[in-house]
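Peer 1: Structure provided below as structure tokens; questions to follow.
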Amino acid sequence: MDMVNGGKDHLHSLICLKQAQSPAEVINKIKGESSNWVNKTEYLGVKFAWQNGYSVFSVSASNVKKVREYIKNQEQHHTKMTYLEEVTRFLKAYGLEK
């Protein structure tokens, strides 16, 4: 885990995977272990569960610093753009919008 930050309804993380690791494996472990810990410790006082699904985007080594800054500034970023607007922008940028 290189960097993680987000808001009330989502998070962004920058993770360096080994060649033998798949994004699905890593996300499954992160979601499973974190929700187990939150619920076991009663950290939130209510039952916690992650939403279904996730998005994964690869980042070239030359853009890692830029992505770190983007993740670091999530609170400021989301005063200008909602989560839904952000997802729509990513989908358009990567040609994934229906």
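Peer 1: Among (i) 3, 14, 21, 23, 17, 11, 7, 4, 2, 0; (ii) 2, 11, 16, 17, 12, 10, 10, 10, 6, 3, 1, 0; (iii) 2, 10, 18, 22, 23, 16, 7, 3, 0, which is the computed P(r) over Cα pairs in 5 Å bins from 0, in percent?
Peer 2: (iii)
Peer 1: Could you work out the helix-only [θ] at 222 nm for the chain, with each DSSP H run of four or more residues adding -39,500 (n - 2.57) and the total divided by the number of residues, to the nearest 500 deg cm²/dmol?
Peer 2: Computed mean residue ellipticity for the chain: -13000 deg cm²/dmol.
Peer 1: Next up: Can you list the residues, at least 5 places off or on another chain, whose amide H is less than 5 Å from the amide H of Ile15, using H built in the peptide plane?
Peer 2: Asp2
Peer 1: While we're here: Pairs of alpha-carbon atoms within less than 8 angstrom and 6+ residues apart define the contacts here; what relative contact order does the chain have, in percent?
Peer 2: 32
Peer 1: I want to verify a result. In a Gaussian network model of the chain, Cα cutoff 10 Å, which of these has the top mean-square fluctuation: Ile71, Ile30, Ile15?
Peer 2: Ile30
Peer 1: Sticking with this structure for a sec: Can you compute the FRET efficiency between Asp9 and Lys92 using 1/(1 + (r/R0)^6), with r the Cβ-Cβ distance and R0 = 22 Å? Round to the nearest 0.05. List each step's numbers first, then the result.
Peer 2: On the way: r = 20 Å, r/R0 = 0.91.
Plugging the Cβ-Cβ distance into 1/(1 + (r/R0)^6) gives 0.65.
Peer 1: Using a Gaussian network model on the chain with a 10 Å cutoff between Cα atoms, which of Leu17, Leu44, Leu84 fluctuates the most?
Peer 2: Of Leu17, Leu44, Leu84, the most mobile in the Gaussian network model is Leu44.
Peer 1: Do any of Lys31/Lys65; Lys18/Lys47; Lys18/Lys66; Lys29/Lys72; Lys40/Lys66 go past 27 Å between their Cα atoms, and which?
Peer 2: Lys18/Lys47; Lys40/Lys66
Peer 1: Still on this structure, I have one more. What is the sum of charges, Lys and Arg at +1 and Asp and Glu at -1, for the other residues whose Cβ falls under 13 Å from the Cβ of Val38?
Peer 2: Net charge around Val38: +1.
Peer 1: Where in the range 14-57 is the amide nitrogen less than 20 Å from a point lying 7 Å along the Cα-to-Cβ axis of Val67?
Peer 2: Only 14-31, 53-57 fall inside the zone, counting backbone N under 20 Å.
None of the figures in this text is laboratory data; all of them are computed from the coordinates on show. For clarity, every value in this text was computed on a predicted model and none was experimentally measured. Here Cβ is always computed from backbone atoms with ideal geometry, including for glycine, and neighbour counts include all displayed protein chains.
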